[in-house]
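The values are calculated or read from the model by the stated rules, or taken from the named source; none is laboratory data. Keep in mind the model is a prediction, meaning the values are calculated, not measured. All Cβ positions, even for glycine, are placed from backbone atoms using ideal geometry, and neighbour counts span all protein chains on display.
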Amino acid sequence: MADPIQVTDSVRIPGEAIRFKAVRAGGAGGQNVNKVSSKVELRIDLTAIEGLPEDALLRLRVSQRNRLDAEGLWMVISDRTRDQLKNLADARDKVIETIRAALIRPIARRATRPTKGSKERRLDSKKRTSDVKRRRSGPLE
């Protein structure tokens, strides 16, 4: 069982919701890559996160939909360094950062209409472009 992750004062991931696995990483590292399991996989049960509002959970599911496995667990991977403990800390930081981003409600966009000046500038630009293209096709001799 992994240590719990405290995201904010009210949002917490209990240790029972986290599965930790170390696997061999590819890439740079020479022969060390074939011997040491330094890549870290964390699988987190999203439904077990404590204190996460329903709308934030939905935003988290949508943003991480490509990282959910067949069981519905969120998979966070880190293989930035050649040290397993640093990769574990990095994966936990990724989890905290992503959940904090999901807690922020997006600002609803208000539809606005273009100003009279912007319409005039757009039409002037179109006229200039049209003139340039018309002048290009001169008489062929």
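Computed quantities for the displayed model
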{"quantity": "Residue match in region 128-136 (condition: modelled with pLDDT of 95 or more, in a helix (DSSP H, G or I), surrounded by 10 or more Cβ atoms within 10 Å (Cβ to Cβ) and not polar (S, T, N, Q))", "calculated": "yes"}
{"quantity": "Leading residue by the ranking (farthest from L88 (Cα to Cα)) among those in region 1-47 that are of a type in the set (V, I, T), surrounded by 15 or more Cβ atoms within 10 Å (Cβ to Cβ) and in contact with an Asp or Glu (Cβ under 9 Å, 6 or more places away or on another chain)", "calculated": "V11"}
{"quantity": "Total residues in region 73-122, condition of a type outside the set (K, R) and more than 23 Å from T8 (Cα to Cα)", "calculated": "12"}
{"quantity": "Residue ID - farthest from the chain's Cα centre (by Cα), chosen from residues in region 61-89 that are among the basic types (K, R) and under 29 Å from G30 (Cβ atoms)", "calculated": "R82"}
{"quantity": "Those residues of region 98-119 which are among the hydrophobic types (A, V, I, L, M, F, W, C) and either surrounded by 12 or more Cβ atoms within 10 Å (Cβ to Cβ) or at positive phi (or both), in sequence order", "calculated": "I99, A101, A102, L103"}
{"quantity": "Check on K21, touching a Ser or Thr at 6+ places or on another chain (Cβ under 8 Å), closer than 17 Å to S78 by Cβ, among the basic types (K, R) and touching a residue at least 12 places away in the same chain (Cβ under 8 Å)", "calculated": "no"}
{"quantity": "Residue in region 58-73 that is touching a strand residue (DSSP E or B) at 6+ places or on another chain (Cβ under 6 Å), in contact (Cβ under 8 Å) with a residue 40 or more places away in the chain and surrounded by 11 or more Cβ atoms within 10 Å (Cβ to Cβ) present", "calculated": "yes"}
{"quantity": "Boolean, D55 is surrounded by 14 or more Cβ atoms within 10 Å (Cβ to Cβ), among the acidic types (D, E) and outside any loop (DSSP other than H, G, I, E, B)", "calculated": "no"}
{"quantity": "Tabulated pairs, region 97-117, first part of a loop (DSSP other than H, G, I, E, B), second charged (D, E, K, R) and surrounded by 10 or more Cβ atoms within 10 Å (Cβ to Cβ), C-beta under 9 angstrom, 6+ apart or interchain", "calculated": "I104/R59; R105/D55; R105/R59; P106/R59; P114/R122"}
{"quantity": "Verdict on D83 being acidic (D, E), under 30 Å from N34 (Cβ atoms) and buried (at least 17 other Cβ atoms within 10 Å of the Cβ)", "calculated": "no"}
